[in-house]
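Novice: Please find one structure pasted underneath; my questions will follow.
Here, each number is a calculation from the coordinates, and none is a lab measurement. Fair warning: this is a prediction, and the values are worked out from it, not measured in the lab. Cβ placement follows ideal geometry from the backbone for every residue including glycine, while neighbour counts extend to all protein chains displayed.
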């Protein structure tokens, strides 16, 4: 083989590796979360035909997202959350927000160490069940990931959400919390639109290239079949008793109900926090929740339907991790252009 041809091939290989490495730079680490990339930026929102129970006059449409993003396939588990909260409770000055739950139902306290820090443990069987702390601590989990799992007090309190705002105005009784991620956040609680798109939106909902939304998770227009994990035909744990799984089934218990993008537990897990406030004019904490294992008095499964979304009034909710999908850098584009030029010259 001529030396010039060999050198050209080596140069092209070098450029390919450089493009790959440069494109990968800046992608936030997974940190044990199974991320799915949600594409189709600029998708349309939900229509009144697709969501007849939704109050469009009051809240407008939803589900439209103008950018690519990542979302964890399942809710954060107690085992994943334990790593965070065990570190956080050992930081100087740890003082949980009044009325907020920093451990949830799957993690317990077995006394206190000599410095007064709680000694935490995961309840037997709850390792893979979804963690369910208060919104404030789900937000701190995102700060911690954003700060590369640091152990300084500020690694938990700043970065994505400024926790110094987590308080109530004494004059008005309104929450003052920063509820939308800061610019440049690498991780975040998904917004209501991001969560909706990941669970219900389908590029081919009405046929090839005809976008739209399903009524229920798992790409279904009919209520999902309730049952225990592993039961034939079971599609969701809605209405089932999850005991002894510490108030929730393990994440991924219904792997066949994955929807168009591959998201699991959009039905049958537990309610989930988002960073969206549905009714900001109300003084109470009202954050949108999605996904549920509860039923109403008639036994109808409503909470997992596209247009029947409630609001969070207590701390019994899980959460997923959202993350950015960085665009290729200038260096990557330049290298790719050079590679194309070399290939043309070789031909």
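Novice: What number, in percent, do you get for the relative contact order of the range 35-138 if the mean sequence gap of Cα pairs under 8 Å and at least 6 apart is divided by its residue count? Could the numbers behind the result be given before it?
Specialist: Values: 127 pairs, mean separation 27.7, N = 104.
27 percent.
Novice: So, in nm, how far is label residue 158 from label residue 178 when the simple model puts each one 7 Å beyond its Cα toward the Cβ?
Specialist: 0.9
Novice: Given a cut-off of under 8 Å on Cα pairs at least six residues apart, what relative contact order in percent is computed for the range 27-325?
Specialist: 22
Novice: Mind giving me the nanometre distance, one decimal, between the label points for residue 167 and residue 151, set 7 Å out from Cα along Cα→Cβ?
Specialist: Spacing of the two 7 Å Cα→Cβ label points: 3.0 nm.
Novice: When DSSP assigns beta bridges and you keep just the ones with both residues in the range 27-325, what percent turn out antiparallel, to the nearest 5?
Specialist: Working: 23 of 25 bridges.
Once the DSSP bridges in the range 27-325 are tallied, antiparallel ones form about 90 percent.
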